[in-house]
1. Quick one: in the stretch B:198-252, which of the residues that are of a type in the set (Val, Ile, Thr) and farther than 24 Å from B:Thr165 by Cα is surrounded by the most Cβ atoms within 10 Å (Cβ to Cβ)?
2. Among the listed residues B:Asn375, B:Asn385, which satisfies the condition of being over 25 Å from B:Phe137 (Cβ atoms), crowded, with 19+ Cβ neighbours inside 10 Å and in contact with a strand residue (DSSP E or B) (Cβ under 9 Å, 6 or more places away or on another chain)?
3. Name the residues in the stretch B:341-367 that are in contact with a Gly (Cβ under 9 Å, 6 or more places away or on another chain) and among the aromatic types (Phe, Trp, Tyr), would you?
4. Scan A:Glu137, A:Glu176, A:Glu163, A:Glu167 and give me the residue that is in contact (Cβ under 8 Å) with a residue 60 or more places away in the chain, over 28 Å from A:Ala82 (Cβ atoms) and not β-branched (Val, Ile, Thr).
5. So A:Val101 passes all but one of these: (1) part of a loop (DSSP other than H, G, I, E, B); (2) at pLDDT 95 or above. Which condition number does it fail?
6. Restricting attention to the stretch A:195-219, and to residues there that are touching a residue at least 24 places away in the same chain (Cβ under 8 Å), under 26 Å from A:Gly139 (Cα atoms) and out of contact with any strand residue (DSSP E or B) (no Cβ under 7 Å at 6 or more places or on another chain), which single residue is nearest to the other protein chains (Cβ to nearest Cβ)?
7. Please count how many residues of the stretch B:223-282 are outside any loop (DSSP other than H, G, I, E, B) and basic (Lys, Arg).
8. Would you confirm, using the coordinates I've provided, whether B:Asp379 is under 26 Å from B:Val127 (Cβ atoms), charged (D, E, K, R) and within 14 Å of chain A (Cβ to nearest Cβ)?
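The values are calculated or read from the model by the stated rules, or taken from the named source; none is laboratory data. As the structure is a prediction and not an experimental result, all values here were calculated from the model. Positions of Cβ are backbone-derived with ideal geometry, glycine not excepted, and every protein chain shown enters the neighbour counts.
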Amino acid sequence: MRHILLLPALLVFGMTASPVRAADIAVILSAEVDAYEKTLRGFAETVDHRIVAEYDMAGDFDRGQRILAEIRSEVKPDLILAVGIWALQVIVREPLDVPVVFAMVLNPPTIIGSEPRNITGASMNVPVDKSIQILEELGPEVRRIGVIYNPTTTGYLVKTAGEAAQERGLELVAREAASPKQAVQAVNALQTEGIDALWILPDETVLDPTVLEYALLSSYRYKVPLLGLSERQAEMGALLSVSFGSSQDIGRQAGELANAILEGGVTGPIPYTTARTLRVVVNLKAAEKLGVEIPESILAMADTVIR
Amino acid sequence: MPVRFVFLSLSVAVALLAASGCPQDSAAGDVADVVTDLYSGDGITLAPTPPPFPSHAPHFTASSLGGLNELNQAVTANAGLFPFSSVVAGFTFNVELGVPVRTTESLGPLIAERASTLGEGNLYLGVSYSRIDYQRFEGDSLNDLSLIFSHEDVNQDGVLGPAGTPLAFELDQVRVDLDLEIEQDLLALYATYGVTERWDVGAIVPIIHSSARAEAHGTVVRNSPNSAEIHNFNPELGGDPADSTIDRDATGLGDVILRTKYNFLRDERPWPDLAAVGLVKLPTGDEDDLLGTGETDVLGMLVASRAFGAVMPHLNLGYEISTDSEQSNLLYIVGGDWALSPRLTLAGDIFGRWEPSGDDIGDHLVDLAFGAKWNAYGDLVLSGNILVPLNPDEGLRTDFIWTLGAEMPF
């Protein structure tokens, strides 16, 4: 268990920049990974309040619960920052009377539920509208976008995406899958039914290696471009991928939410945010094989182009 | 108090204690010469002979001194051999699933290398302690060695004796029963840093306490008729005593090892992960005090490993050359580790070192190492292993070597 006061410089920054009484913030890291460290760095440089304690639960839920108990009994902060999904999972198990801000959590509704709670944060999800916009920009031939999803994980996402697609005059063709086997069957069903693009959602069922490989193979077999959610997937053969671009910026987003909560002036629940800095990868090799011409507008937003 | 701070403080404290707390050299002379310095170091001098024999002090030179030198060389060579503990890799972040994942299922092997690297910017520090108590040399117990010292060839005719002549006394010999104790305490501090995702560099700084005690009892082997009158131990008359004991020890820096590893093949199924390892052992340890080999060694090694769920077999093949001599060794390690749980890994290795153009003394040493690694707290990993010789009659060997270690990321 780590209990470290952060750098004095950050403390000074936090105290001098605060227009009101500096509040105390306790941080729980899910594990020590570079992405989370950068998130915390972004949070610390943005938040106008004091980070008084930092804990690493090292992926251990029992340890996380002990940390939370210590925070409640000894640190008694004005706000808790949960970095990563595991820290948030530990926190939501307990009723808390202090606000919680999370960061770097994927699909947060699956953790915090639909009931309004004293929890908000900066997710690492890509805004669904952005993914649909990129698919739309591929050309007018893309009208039907296929997705496979597990209702318990990404059902909320599909609902939002369906509305976003409809607003753009597109159709989201969604197939449920509760297991990788069903997901493979869903890929077949979508391709047989006819789709113009396949969009991989951040869903554990779909991200099973077998499903992913099958989806990529079918992408080439049916000449249907695939939109992935990581650079790795673009390297594997997806035409495009869109993912969050900076964990540090997600930390900044969380810091802005923490400022808003601690400085008042916010009434009602604050919705969680999606990643505002994105990373787009274009695979021109895949484009050639699929016979797809990548528009300049997409190439212009690409951070990496695989040639 | 952060675990890292405690770990670092304890490691440094132990190292300083080891380096400064022990006597640097308890007696005059080198630890490596504890055998050759017996009986004043110039062979055995018996008491002067009484009349009517020509008054002389018969010198017995050690016909087996060559063997003693081999013994010393074997000890120094072994002083440079110790396991380079593997580091535990922690978490990496899976962008797609949005969760950290352990980079490997297990906490890693005991003495072998695995192909995976730490990842850019990661630093691991570790400390290990090994206790080495040598027991046998070429199959003979070090507690029960016999050395034969022959008489000088007085008339330098190239023949001892022969029997039935006035020079038959040249056939007498001195047998020395030797009880030898050679022990080493080895504290190794090591660091590994991930320069890039696939490239690690590191160093091992060993601090060694070597001690050697030789206790000899000489007996005249009487092969001539007048032997009892000519050849006798008698210090009162100016000869050597029958018993001679030397006890020495020294503490200091061992041979510093620099290493690098590049993981050039990763996640390309069905191939295993592959890495190239380069290692340079610098002659920073005092050879004369059994703290180092006195030679610069360069090792190149190919490392293959692959995880099959909780089990990760690995194979290391290396070739080691010494820049200061013509010696070269082939090294091989084959073994595996098995993650019983995310916090506990069992591991075993067979470790071989073969010197193709050796001198038939300890040319092929094979050991079995087995033990466990335990992720005790946070990122702190404790390890313990025992190394047992599989061919104990080869070279200078122990019954077993035990090692305890601790390592963690910073």
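1. Start the filter on the stretch B:198-252 by keeping residues that are of a type in the set (Val, Ile, Thr), which leaves B:201, B:204-205, B:207-208, B:219-221, B:230, B:245-246, B:251.
Narrowing the set further to residues that are farther than 24 Å from B:Thr165 by Cα leaves B:201, B:204-205, B:207-208, B:245-246, B:251.
Details: B:Val201: 16, B:Ile204: 22, B:Val205: 16, B:Ile207: 24, B:Ile208: 27, B:Thr245: 13, B:Ile246: 20, B:Thr251: 22.
Of everything passing the filter in the stretch B:198-252, B:Ile208 is surrounded by the most Cβ atoms within 10 Å (Cβ to Cβ).
2. On the way: B:Asn385 fails: over 25 Å from B:Phe137 (Cβ atoms).
Result: B:Asn375 is the single residue among B:Asn375, B:Asn385 that is over 25 Å from B:Phe137 (Cβ atoms), crowded, with 19+ Cβ neighbours inside 10 Å and in contact with a strand residue (DSSP E or B) (Cβ under 9 Å, 6 or more places away or on another chain).
3. B:Phe351
4. Details: A:Glu176 fails: in contact (Cβ under 8 Å) with a residue 60 or more places away in the chain; A:Glu163 fails: in contact (Cβ under 8 Å) with a residue 60 or more places away in the chain; A:Glu167 fails: in contact (Cβ under 8 Å) with a residue 60 or more places away in the chain.
Only one candidate passes the filter, namely A:Glu137.
5. Failing condition for A:Val101: (1).
6. Keep residues of the stretch A:195-219 that are touching a residue at least 24 places away in the same chain (Cβ under 8 Å), which gives A:195-206, A:208, A:210-212, A:214-215, A:218-219.
Then keep just the ones that are under 26 Å from A:Gly139 (Cα atoms); that gives A:195-202, A:206, A:212, A:214-215, A:218-219.
Still in the list and also out of contact with any strand residue (DSSP E or B) (no Cβ under 7 Å at 6 or more places or on another chain): A:202, A:212, A:214, A:218.
Working: A:Pro202: 7, A:Leu212: 9, A:Tyr214: 16, A:Ser218: 19 Å.
Looking at residues that are touching a residue at least 24 places away in the same chain (Cβ under 8 Å), under 26 Å from A:Gly139 (Cα atoms) and out of contact with any strand residue (DSSP E or B) (no Cβ under 7 Å at 6 or more places or on another chain), I get A:Pro202.
7. If we filter the stretch B:223-282 for residues that are outside any loop (DSSP other than H, G, I, E, B), which is where we start, we get B:227-230, B:235-237, B:243-253, B:257-265, B:273-281.
Those left that are additionally basic (Lys, Arg): B:248, B:259, B:261, B:281.
Of the residues in the stretch B:223-282, 4 are outside any loop (DSSP other than H, G, I, E, B) and basic (Lys, Arg).
8. Values: under 26 Å from B:Val127 (Cβ atoms): yes; charged (D, E, K, R): yes; within 14 Å of chain A (Cβ to nearest Cβ): yes.
The answer is yes for B:Asp379.
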